[in-house]
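This report concerns only the one structure given below.
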Amino acid sequence: MRANRYKLGYTLVEAMIAVAILSLIILMVYSSGSAVLDAQQGGSRAAKNVHRERMTMRAIEDALESAVWYDHQTEEPIRVSADGAFSNLKVLSRVPPGFWGERTLGGHPLRRIEFFTEKDASGNAQLIMEQQALPNGTNSPQSHRTILLPRLENFFVEVREKKSGQIAPEWIDYWDRTNALPSLVRVSLGETKEAPRQKTFPIFSNQAIHAKPPRKITRLSAKRFEIDGIPGAGSEDGANVIFIIDKSVSMNMGRHNRLAIAKNAVQTSLYKMAQSGGRQFAIYTYNKESESFGPQMVRASSQNVKKAEDWLSTQNVDRRLWGNQGILEAIQKVFEGGSRPTEIWLIADSGFLHDTKSKNPLNVRGALSALNTEKTPFNIILLEGVGQDLNSLLSTPFGTEIERIRTENNGVFIPINL
């Protein structure tokens, strides 16, 4: 007779232990997945918050950069006040193309723009931008409202005024004058109190006045300009020279490469400065944005001049950055760098006073009025534009504005014939 055979299998205790281990593994996998998902959602929320804050600050920056102030104006161009723990900011602005509300207010660039806070249904503070088209020929009542930040813990605006030609050291949290503008505006905002985003903006707008037409001027040929360099640039002992070069798209249009001419002239001037010693320089270029050679002025040594020459060779026209707005940024950097220039030379074509695309004016004179408090000579070298007669051009308001910039900033004006 065969021996009995027992069928092999798991006991109840073993099965329960296996189920428990499997449950622990599933729980660990779920917990890890949940943690990863929470981290992704938290990172996504943080990224969205940062993006909202950045876009909000850009909207405020665009509004302030385009602030307008008209003669005999009865409404304050900029108003700052406080509503409890938050600030209110109002700006009269001629906004750039593509500004918020383009679909509704695209035909009305001149707007009253207000930034203020209000409570949502849950009682949380949110930052609102409300725009209204200023009265025009049709007396349009159109307006546009945008929720910039749906949650807000910090929105604080301060200004600094100019007294006796100098910017006051203290910040104040209100402004309601109709006959003056603050020199600086500082904005702090954030969806959390711990790390608010903060930025300071210079106010470039200034009151329009009438000026005399340009005086008789002496022209230089482009060839002589390249060979001899900029007349008188850096010729004085201890000179600290700033060069600002236009590298917008129009500088390389037509038969002449204006950018190459400008760079060659600056290089010639730098080599002359290096021969004398005791001089310093800095170079800025601009199109829609601005770039600089080094963060500060450097000594005009042969080594530094060679480095500057190599850097200039990388500064070319970039059609992706179509525009001239960078000139305002370059001027701001010149006076914020801590250095004290003794002379500034702008080399540009006839488009430097306007945004290339929108044709809206760029308030170069206002920027210099706000920042060039010591009246450092600001000299303009103008290369003829494409298809433009320079004599006719200088008899227009463009020429008048150049003369105002020159006289208000102790500069000279040198046109270059191409």
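The values are calculated or read from the model by the stated rules, or taken from the named source; none is laboratory data. These numbers come from a predicted model, not from an experiment. Note: ideal-geometry Cβ built from the backbone for every residue, glycine included; neighbour counts use all protein chains shown.
Answer yes or no as to whether Val80 is without any contact (Cβ under 8 Å) to a residue 40 or more places away in the chain and touching an Asp or Glu at 6+ places or on another chain (Cβ under 9 Å).
In short, no.
Can you name every one of the strands (runs of 3 or more DSSP E) wholly within the stretch 317-418 that holds 1 or more residues which are modelled with pLDDT of 90 or more and out of contact with any Pro (no Cβ under 7 Å at 6 or more places or on another chain)?
Qualifying strands (runs of 3 or more DSSP E): 343-349, 378-383.
So which residues in the stretch 267-321 are buried (at least 20 other Cβ atoms within 10 Å of the Cβ) and of a type in the set (D, E, K, R), if there are any at all?
The answer is Arg279, and nothing else.
Could you look through the stretch 155-169, keep only residues that are farther than 12 Å from Glu118 by Cα and at pLDDT 90 or above, and pick out the one that is surrounded by the most Cβ atoms within 10 Å (Cβ to Cβ)?
Only one residue fits best here, namely Val157.
Which members of the stretch 99-127 meet the condition of being more than 20 Å from Asp176 (Cβ to Cβ) and part of a strand (DSSP E or B)?
Leu110, Glu118, Lys119, Ala125, Gln126, Leu127
Can you find even one residue in the stretch 18-28 that is modelled with pLDDT under 80 and surrounded by 10 or more Cβ atoms within 10 Å (Cβ to Cβ)?
Within the stretch 18-28 (the criterion being modelled with pLDDT under 80 and surrounded by 10 or more Cβ atoms within 10 Å (Cβ to Cβ)), the answer is no, since none of the residues qualifies.
Exactly one of these conditions fails for Arg54: (1) loosely packed, with under 14 Cβ neighbours inside 10 Å; (2) of a type in the set (Lys, Arg); (3) assigned to a strand (DSSP E or B). Give me its number.
(3)
Select from the stretch 242-274 the residues that are out of contact with any Ser or Thr (no Cβ under 7 Å at 6 or more places or on another chain) and basic (Lys, Arg) and write down the one among them that is modelled with the lowest pLDDT.
Arg255
Which members of the stretch 275-310 meet the condition of being modelled with pLDDT of 90 or more, in a helix (DSSP H, G or I) and within 18 Å of Pro341 (Cβ to Cβ)?
Asn304, Val305, Ala308
To keep it simple, each residue is scored yes or no on (1) assigned to a strand (DSSP E or B); (2) under 21 Å from Phe378 (Cα atoms); (3) in the same structural domain as Val334 (by TED's automatic domain parsing).
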site: Ile227; (1), (2), (3): no, no, yes
site: Gly232; (1), (2), (3): no, yes, yes
site: Ser235; (1), (2), (3): no, yes, yes
site: Gly238; (1), (2), (3): no, yes, yes
site: Ile242; (1), (2), (3): yes, yes, yes
site: Ile245; (1), (2), (3): yes, yes, yes
site: Ser250; (1), (2), (3): no, no, yes
site: His256; (1), (2), (3): no, no, yes
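For the stretch 141-169: of the residues being acidic (Asp, Glu) and under 24 Å from the mean Cα position of the chain (by Cα), which is farthest from Leu127 (Cα to Cα)?
Looking at the filtered set, the residue picked out is Glu161.
What number goes with the only condition from (1) outside the structural domain of Thr400 (by TED's automatic domain parsing); (2) at pLDDT 85 or above that Ala211 does not pass?
(2)
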